[in-house]
Amino acid sequence: MKTTNPNPITDFLSSTERTFEIPVYQRNYVWKVKDCEKLFKDIVEGIQNKQKHYFGNIVYYIAGDDPFSPFKRYVLIDGQQRITSTMLLLAAIRDEETDQSIKNKLTYAYLLNEKAEETFRVKLKQVETDRNVYEAIIEGLTENINKSSIIYRNYYKFRNLVKKAKAEDGLSSADIMNGIKFLDIIAIDLEYEKEGSESPQIIFESINATGEPLSTADLLRNFLLLEVGIDRQAEFYQKFWITIEKNVGNENISDFIRRYITLRSTIDIKKDTEYEEFKKNYKNYFKDAEDAIKELARFSKYYRWIKRPESINKENPKTAAILQDLDDLRMLPATPAIMWLLEKADTDAISYEDVNDTLDVIASWSFRARITNIITTGEIGTILTTKILEFLKEKQSETTYSDY
């Protein structure tokens, strides 16, 4: 790990031999308007007091040097929100400036690499969901972009702040730029490929303890895609992670992972421990990260069928009807067992008829257990979550699962 002394963020951004890359596993840009206002206030105070302001650490590693190109790819592990916001502010200053010479200087010192090949032209490469809007702003092509995006909203806010500072406070573009130069950062190169260097994953996880809390989805996406390797991250993000998000919904990823771990381990794990449990069992469950993300994408389909029975209606209307009944009966605790059965049918290990009959037995038992009140709700939950799953996995006879 190599650390610089505090230096202006403009020094870090102005190098013509680097591009900054936000890897696909990072979260989207999330700064609020109040964060932009605070940043601009710090800049104005720096101008007035001629006092430096510590703007935090930027943590990165340099990915695969190309011997035929002078550019280095700086992969951002921490600092993407601050760098994106600074770039949007620089674009706002440029676009509120009338002097074409100054506009060009801002563009080619900070925002674009002049005469660079297309891969390195835009100095900051955003995650895919933010990329089109961000690059349109940087290229000055804002007429037809999505103006409801957070990226555009904050850019527009910065333009208004710059315009107001010029009109009411008499500040020039040069004054505001000098204020930005009072923002000091410490740049930390993880030297990722050197033996004994700290893993980007450890740094990423530490953000969860000190900054904006990261969700299970954030942590898991980072863990798996970082393990896949930078050259294949975009491919696996597109083919498999997006599939998981579409099937499960970002808000349900923690629940999906918890149910999946229960399916594999037959142990009911506690909420909010999903990521730790996944990491702990990772090497027991999967050959490698590629195997893991493909497996999760596959099982996310069965989770979707359980959550949205209509999504399987065309292929298996009888199964869809039973899954809808189970949803009406609030059979969420049985999700691991149901996913296990659906996977068996989907891979032709057992018939859908047997799955349907087995699910009918489980639903019937659950309904009768509840109305007779012979056992407690907690006991019913335990049986649905782990005991039935354990029972199904132990079957060795030739009978069907429903008969068993």
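In the condition set (1) open to solvent by less than 50 Å² (accessible area, probe 1.4 Å); (2) at pLDDT 95 or above, Ile186 is compliant with all but (2).
Condition first: aliphatic (A, V, I, L, M) and more than 29 Å from the chain's Cα centre (by Cα). Now tell me which residues in segment 101-115 satisfy that.
Going through segment 101-115, the residues aliphatic (A, V, I, L, M) turn out to be 102, 106, 109, 111-112.
Ile102, Leu106, Ala109, listed by residue number.
Among the residues of segment 151-181, those identified as of a type in the set (A, V, I, L, M) and either surrounded by fewer than 17 Cβ atoms within 10 Å (Cβ to Cβ) or farther than 24 Å from Ser14 by Cβ (or both) are Ala167, Ala174.
All of (1) out of contact with any Cys (no Cβ under 8 Å at 6 or more places or on another chain); (2) touching a residue at least 24 places away in the same chain (Cβ under 8 Å); (3) not basic (Lys, Arg) hold for Gln100 with one exception: (2).
Inside segment 133-147, can you point out the residues that are open to solvent by 50 Å² or more (accessible area, probe 1.4 Å) and either more than 26 Å from Glu21 (Cβ to Cβ) or modelled with pLDDT under 90 (or both)? Even if it seems obvious, please write down each step before you answer.
Residues of segment 133-147 that are open to solvent by 50 Å² or more (accessible area, probe 1.4 Å), as a first pass: 135, 139, 141, 143-144, 146-147.
Once the filter is applied, which keeps residues that are open to solvent by 50 Å² or more (accessible area, probe 1.4 Å) and either more than 26 Å from Glu21 (Cβ to Cβ) or modelled with pLDDT under 90 (or both), segment 133-147 yields Leu141, Glu143, Asn144, Asn146, Lys147.
Restricting attention to segment 221-279, the residues that are within 19 Å of Asn28 (Cβ to Cβ), at pLDDT 85 or above, surrounded by fewer than 18 Cβ atoms within 10 Å (Cβ to Cβ) and among the hydrophobic types (A, V, I, L, M, F, W, C) add up to 1.
Residue count for segment 135-182 under the criterion of being without any contact (Cβ under 8 Å) to a residue 40 or more places away in the chain, more than 25 Å from Arg27 (Cα to Cα) and of a type in the set (D, E, K, R): the result is 3.
Only one of Ala297, Ala234 is touching a residue at least 24 places away in the same chain (Cβ under 8 Å) and over 27 Å from Ser351 (Cβ atoms). Can you tell me which? Break it down stepwise before answering.
On the way: Ala297 fails: over 27 Å from Ser351 (Cβ atoms).
Just one listed residue meets the conditions, Ala234.
Checking each residue in segment 105-163 for being of a type in the set (Ser, Thr, Tyr) and assigned to a helix (DSSP H, G or I) picks out Thr107, Tyr108, Tyr110, Thr119, Thr129, Tyr134, Tyr152, Tyr155, Tyr156.
The values are calculated or read from the model by the stated rules, or taken from the named source; none is laboratory data. The shown structure was predicted, so the numbers you read here are calculated from the model rather than taken from an experiment. So basically every Cβ, Gly included, is an ideal-geometry build from the backbone, and we count neighbours across all protein chains shown. Ligands, DNA and RNA are stripped out before the accessible areas are found, and what is left, the full protein with its side chains, is counted by its heavy atoms. Shrake-Rupley method; radii C 1.70, N 1.55, O 1.52, S 1.80 Å.
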